[in-house]
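Engineer: Take a look at the following structure, please.
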Amino acid sequence: MNSILRRDGFRNLSTWQEQVNRLLENSLPGRSDSAALTTWAPAVDIYETENELVLKADLPDINEKDLDVRIENNMLTIHGERKFEHEVKEDNYLRMERTYGSFSRSFSLPNTVNTEAIKAEYKNGVLTVELPKRAESKPKQVKINVTNSKN
């Protein structure tokens, strides 16, 4: 029974320590700022239609000229940077949760993608990359006529 009480006491101590760490991270100036300036990876959705693969990446507040989208060895790479705007002094921030700095995401592409016909559009903070399938990889449907045979 003594060991059970002791174990529960350590669990409470661990929880208490985690709460103190979170409190300090959120209240100390400079600590959260440095965390916000680390590398990051934008969220993406990838879906497939009959004719193409489509990748959508959330890239708010990124200038189009700071984006680099390329294909190399059947690998799609999106590289860019969200720059910290110095319109507001860092000392004036009460909270900084958004991440700034460079990012890079890479995705292996299947051989069915026609890399010569890829299109990309950046609109309202969302990068959409359309990856059309090669004609030979698209599903084919052939209509077969059925005739009535007379004996």
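Engineer: Restricting attention to region 120-136, and to residues there that are open to solvent by 40 Å² or more (accessible area, probe 1.4 Å) and not in a strand (DSSP E or B), which single residue is nearest to Glu64 (Cα to Cα)?
Structural biologist: That would be Asn124.
Engineer: Continuing with the same structure: Between residues in region 55-71 that are without any contact (Cβ under 8 Å) to a residue 60 or more places away in the chain and residues that are not basic (Lys, Arg), which pairs lie under 6 Å by C-beta distance while being six or more apart or on different chains?
Structural biologist: Glu64/Tyr122; Asp66/Gly80; Asp66/Glu81; Asp68/His79; Arg70/Thr77; Ile71/Thr115
Engineer: Additional query: For region 62-101, enumerate the residues that are farther than 16 Å from Leu127 by Cα and under 15 Å from the mean Cα position of the chain (by Cα). Please lay out each step first, then the result.
Structural biologist: First, pick out the residues of region 62-101 that are farther than 16 Å from Leu127 by Cα: 72-75, 83-101.
Residues satisfying the conditions are Arg98, Thr99, Tyr100, Gly101.
Engineer: With respect to Ser149, is the statement that it is over 19 Å from Lys56 (Cβ atoms), assigned to a strand (DSSP E or B) and open to solvent by 40 Å² or more (accessible area, probe 1.4 Å) true?
Structural biologist: no
Engineer: Next question, about the same structure. Can you name the condition, by its number, that Val142 falls short on among (1) open to solvent by less than 40 Å² (accessible area, probe 1.4 Å); (2) over 16 Å from the mean Cα position of the chain (by Cα); (3) over 16 Å from Asp45 (Cα atoms)?
Structural biologist: Checking Val142 against (1) open to solvent by less than 40 Å² (accessible area, probe 1.4 Å); (2) over 16 Å from the mean Cα position of the chain (by Cα); (3) over 16 Å from Asp45 (Cα atoms), the one that fails is (1).
The values are calculated or read from the model by the stated rules, or taken from the named source; none is laboratory data. Worth saying up front: this structure is predicted, and the values here are computed from it rather than measured. All Cβ positions, glycine included, derive from the backbone under ideal geometry; neighbour counts span all protein chains shown. The protein model used for the area step is the full one, side chains on, heavy atoms only, and it has no ligands, DNA or RNA in it. Shrake-Rupley method; radii C 1.70, N 1.55, O 1.52, S 1.80 Å.
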